[in-house]
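Structure first, then comments.
Taken together, the values in this text are just the output of simple stated rules run on the coordinates, not laboratory data. None of the values given here were measured: they were computed from a predicted structure. Because the Cβ atoms are built from the backbone with ideal geometry, glycine has one as well, and the counts that use them run over all protein chains shown.
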Amino acid sequence: MALLQQLKSQFVCQMIIWYVFLVSGLIINLLQICTLPLWLVSKQLARRINIRLGYCISSQMVAALEWWSGTECTLYTDPKSYPLYGNENAIVVLNHSHEIDFLCGWTFCDRFGVLGSSKVLAKKELSYVPVIGWMWYFLEIVFCKRKWEEDRRTVAQSLQNLRDYPENYWFLLFCEGTRFTPKKHQISMQVAESKGLPKLKYHLLPRTKGFWITVQNLRGTVAAVYDSTLNFRNNEAPNLLGVLNGRKYHADLYVRRIPLELIPEDEAECAAWLHKLYQEKDSFQEHYTQTGRFPGPTVSPPQRPWALINWLFWACLLLYPLGLLLAQLISTASITTILASVAVCSAVSLGVRWMIGQTEINRSSSYGNKEVHLNNN
């Protein structure tokens with residue numbers, strides 16, 4: 001077992017994972033571009049194809065978490081709600097405190113069969129990131145500039161486009177707008193005090209406008225809001241680099257299903273409802289801190305093999321020609337080709353490190369570091 005863990009931590013293994021992910025991702029992006037003419041003929045068919053193509057990319061990261069890292073996931077939820085998960089459209093409200101919380105969200109999407117069709121409200125800059133950002137463009141992910149007057153119209157239009165989506169989806173929403181840091185929390189609680197709102201210990205104040213516009217535009221299409229609170233056992237602070245090193249974590253997710261008709265339609269009442277929800281989320285997090293578990297019964301949704309099968313397919317497809325190339329380089333021993341190969345590997349390594357850096361808390365967005373921004377709730 002120790003030998004296997006030592007193998008997982010080797011740089012060459014991590015490079016293989018990222019090589020398969022990046023090259024297959026660019027190939028899939030190219031295939032997605034080829035679906036553009038199909039949108040003019042059959043929009044729904046183009047969507048279904050892009051759902052499968054998108055799954056081929058995002059499931060590789062899920063495979064890294066579940067099969068390479070071996071991270072376990074426990075779900076705390078009402079047994080009566082459990083059969084509905086994956087069988088209805090839903091808005092999933094997640095806390096944003098960990099570097100891989102998005103990846104754990106994807107894992108639960110995969111276990112309930114909605115990973116390829118899942119949506120998220122993401123900052124516009126991510127649409128320019130190769131592989132994932134380009135994939136999201138074809139999956140009709142909702143992008144925003146974090147400027148309310150501009151986003152109000154564009155976000156509403158993007159959400160309206162999802163009303164006739166052909167397959168069940170979850171719309172993942174980080175209402176805090178940015179990842180939790182002590183500095184952002186301090187500023188957020190100053191705003192809470194100025195507005196007469198109860199202070200939160202484990203969360204930032206939620207951005208109510210984005211939540212309200214999402215709920216209003218998806219009414220009649222989405223059945224419920226899944227209030228979700230994620231934590232990791234033993235006070236661990238997991239990160240993507242740890243996952244690539246094969247480090248095992250244990251994620252606990254508490255989910256409450258709230259029928260959409262229980263959420264007020266009026267903007268001010270909806271904002272008050274969301275603030276109350278986050279006060280409850282804070283109490284759930286406090287309960288976890290004190291007891292090491294969330295309230296209620298647990299269930300472990302079974303792993304699906306498709307993420308692993310997908311990765312193995314792309315690995316076999318892409319590693320064979322790479323092996324032939326390496327054999328040729330060794331046999332020719334040309335200085336030029338060797339230097340070129342080293343340069344390419346260095347470039348890939350730097351690119352991978354940059355992508356990992358985008359998930360790190362100390363590299364997170366500065367959004368929320370200024371009080372003026374937080375006042376735009």
Too-long pairs where the Cα-Cα distance tops 31 Å, listed order kept, from Lys43/Lys281; Lys8/Lys201; Lys124/Lys201; Lys43/Lys145; Lys8/Lys281: Lys43/Lys281; Lys8/Lys201; Lys8/Lys281
DSSP beta bridges in the chain [antiparallel fraction, %, rounded to 5]: 35
Mean Cβ count within 10 Å, highest first, over the residues of peptides 36-49, 219-232, 277-290: 219-232, 277-290, 36-49
Ordering of 9-20, 207-218, 312-323 by packing [mean C-beta count within 10 Å, highest first]: 207-218, 9-20, 312-323
HN-Hα J in Hz across region 274-284 - Karplus 6.51, -1.76, 1.60, θ = phi - 60°, x for Gly and Pro: 5, 4, 5, 4, 6, 5, 5, 4, 4, 5, 5
Qualifying aspartates and glutamates (Cα of each under 14 Å from Cα of Lys209; at least 8 residues distant if same chain): Glu149, Glu150, Asp151, Glu176, Glu265, Asp266, Glu267, Glu269
Mean Cβ neighbour count within 10 Å, used as a protection proxy, ranking 125-132, 304-311 highest first: 304-311, 125-132
For the chain, calculated [θ]222 nm from helices alone, where every DSSP H run of n ≥ 4 adds -39500 (n - 2.57): -17000 deg cm²/dmol
Helix axis angle, 335-357 relative to the chain longest principal axis, alpha carbon, degrees: 10
Euclidean distance between Cα centres, region 28-88 to region 198-262, Å: 18
Nearest-ten-degree value, helix 101-111 long axis tilted from longest Cα axis of the chain: 80
Per-residue Cβ neighbour rank within 10 angstrom, fewest leading, Arg293, Arg257: Arg293, Arg257
Ranked list, fewest to most other Cβ atoms within 10 Å of each Cβ, for Thr35, Thr298: Thr298, Thr35
On Cα atoms only, tilt of 208-218 relative to the major axis of the chain in degrees: 80
Charge dipole of the chain about the Cα centre (unit charges at C-beta), most positive-ward option of Asn95, Ile17, Leu121: Ile17
Dipole magnitude of the chain about its Cα centre (Cβ charges: Lys, Arg +1; Asp, Glu -1), debye to nearest 20: 420
Whole-angstrom gap from region 95-170 to region 275-337, using each part's C-alpha centre: 19
Answer label, with Cα Rg over 2.2 N^0.38 Å calculated from the coordinates and candidates (1) 0.94; (2) 1.03; (3) 1.11: (2)
